[in-house]
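*Asks:* Handing you this structure, nothing more for now.
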Amino acid sequence: MSVDLAVDVGSLRLKNPVLTASGTFGYALEYDDFFDVSVLGGICTKGLSILPRAGNNPDRIAETSAGMLNAIGLANVGVEAFCTEKLPNLRARGVTVIANIFATTVPDFVALAERLDREEGVAAVELNVSCPNVDKGGIEFGVDPVAAGRVTAAVRKATKLPVWVKMSPEAGDLKGVGIACQEAGADALTAINTIRGLSIDVRTWRPRIFNKTGGLSGPAIKPIALRMVWELSRAVKIPVIGIGGIATAEDAIEMMLAGATAVQVGTASFVDPLASKKVLDGLGAYCAERNIAARDLIGRFIQT
Ligand SMILES: Cc1cc2nc3c(=O)[nH]c(=O)nc-3n(C[C@H](O)[C@H](O)[C@H](O)COP(=O)(O)O)c2cc1C
């Protein structure tokens, strides 16, 4: 029996709601030896900047009891190399590509969006206004409704592509940030990015990562992500895409019941490169068993 897994993220129809999260799946084709990545609803690229970035000094990651801390510092090939070296292969393979972009100024966000707008094969841009691991311009945009609205409006004007904005769990007024982005023309919100944490090596008394603090991700943040997706999805009219600790189909279903239109699998791909494919297969089996479409799950958890 065929099961209908398609979901609509605004004007963008995804063949299923399972995507991979930025920074945890490279530029996707690195995973092609494990499975055909074009079966996924989409992939989010590593955060792209105008110029290539080497990122922070090592150590850049540390395992924690229920996840990991990372302070990669947005190492990436730069938007030009992405467009000329990575995108053509992704396009040829029919992969739905969401370009995650990062900049420290509004004009640079605009320039990135304009560059990507000229390419075939980009389905949407995701604005990383919530990176906790860079000195300047990361999280500042994402914790302030006015700044988040400003960058969203500027990018909205610069591209015809759908604009997704990635929320920071560290925003004091998360709903305010989400509403500001919606009013500025965002097509969807993605939630959540990592939450800053610290880990100390008791043998050396030094932080386990060079940057001292790093973003916490993985199973530890799933309940926080669920709560935030639930709150956001009730506060805005645009779709919310759920991210945070999703490792199994059950996690993805939970996220959709909380209000997510689609989900992104992040840290779980480091544990098992097949994690996103397994989430997709499990979601398909769950929907087939209940004779429902994936979209029937969105926001349907029983609250009475
Ligand atoms: C190693 C690593 C690198 C990341 N790089 C980015 C990035 O470049 N841009 C971005 O928006 N989010 C980035 N993130 C955040 C993830 O996309 C995701 O929001 C977060 O890890 C929570 O999901 P998870 O618990 O499933 O990993 C990164 C996360 C990790 C672990």
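*Asks:* What FRET efficiency comes out for LYS212 versus ARG118 if R0 is 35 angstrom and r is the Cβ-Cβ distance? Round to the nearest 0.05.
*Replies:* Values: r = 39 Å, r/R0 = 1.11.
Once rounded, the FRET efficiency stands at 0.35.
*Asks:* Given R₀ = 30 Å, what would the calculated FRET efficiency be for ALA54 paired with ASN291, taking r from the Cβ atoms and rounding to 0.05? Intermediate values should be presented prior to the final figure.
*Replies:* Numbers: r = 51 Å, r/R0 = 1.70.
For ALA54 and ASN291, the calculated efficiency is 0.05.
*Asks:* Quick one: pull the percentage of alpha-carbon pairs in the chain with a separation above 38 Å.
*Replies:* Of all Cα-Cα pairs in the chain, 6 percent lie more than 38 Å apart.
*Asks:* Return the equivalent ellipsoid semi-axes of the stretch 46-167 as a descending list in whole Å, where each equals the square root of 5 times an eigenvalue of the C-alpha gyration tensor.
*Replies:* Calculated on Cα positions only, the semi-axes equal 23, 19, 13 Å.
*Asks:* With r as the distance between the Cβ atoms of LEU274 and GLU63 and R0 = 22 Å, compute the FRET efficiency 1/(1 + (r/R0)^6) and round to 0.05.
*Replies:* Working: r = 20 Å, r/R0 = 0.91.
With R0 = 22 Å, the Cβ-Cβ based efficiency is 0.65.
*Asks:* Something else about it: Note the full-extension length gain between ARG203 and ARG91 as 0.36 nm times their separation in residues minus their Cα-Cα distance, in nm to one decimal. Walk me through the numbers on the way to the answer.
*Replies:* Working: separation 112, 0.36 × 112 = 40.32 nm, distance 4.84 nm.
Value of the extension gain: 35.5 nm.
*Asks:* Take the residue pairs LYS175/LYS237; LYS160/LYS222; LYS86/LYS212; LYS86/LYS160 and return only those whose Cα atoms are more than 23 Å apart. Write out the running numbers ahead of the final one.
*Replies:* On the way: LYS175/LYS237 12 Å; LYS160/LYS222 33 Å; LYS86/LYS212 32 Å; LYS86/LYS160 21 Å.
Table pairs above 23 Å Cα-Cα are LYS160/LYS222; LYS86/LYS212.
*Asks:* Right, something else. Within a Cβ distance under 12 Å of ALA184, other residues only, what is the Lys/Arg minus Asp/Glu net charge? Show your work: numbers first, answer last.
*Replies:* Numbers: positive: ARG150, ARG156, LYS157; negative: GLU183, ASP187.
Surrounding charge for ALA184 is +1.
*Asks:* Right, next: How about the stretch 85-176: which GluC sites (Glu not before Pro) there lie in a loop by DSSP and see at most 16 other Cβ atoms within 10 Å?
*Replies:* Of the GluC sites (Glu not before Pro), the ones in loops of the stretch 85-176 whose Cβ has at most 16 other Cβ atoms within 10 Å are GLU120.
*Asks:* What does the convex hull of the Cα atoms of the stretch 8-97 come to per residue, in Å³, rounded to a whole number? Could the numbers behind the result be given before it?
*Replies:* Details: hull volume 12.0 nm³, N = 90.
With only Cα atoms used, the stretch 8-97 gives 133 Å³ per residue.
*Asks:* To continue, here is another question. Considering the alpha-carbon set of the stretch 147-267 alone, what are its Rg and its Dmax in angstrom?
*Replies:* Here Rg and the maximum Cα pair distance are 15.9, 53 Å.
*Asks:* Then there is this: Among the aspartates and glutamates, select those whose C-alpha is under 14 Å from the C-alpha of LYS15, and discard any that sit fewer than 8 residues away in the same chain.
*Replies:* The reachable aspartates and glutamates, counting only those whose Cα sits under 14 Å from LYS15, are ASP4, ASP281.
Values quoted throughout were computed directly from the atomic coordinates according to the rules given, and no laboratory measurement underlies them. It should be emphasised that the depicted structure is a prediction, and the values quoted were computed from it without experimental measurement. When we count neighbours, we look across all protein chains shown, and the Cβ atoms used for this are built from the backbone with ideal geometry, even at glycine.
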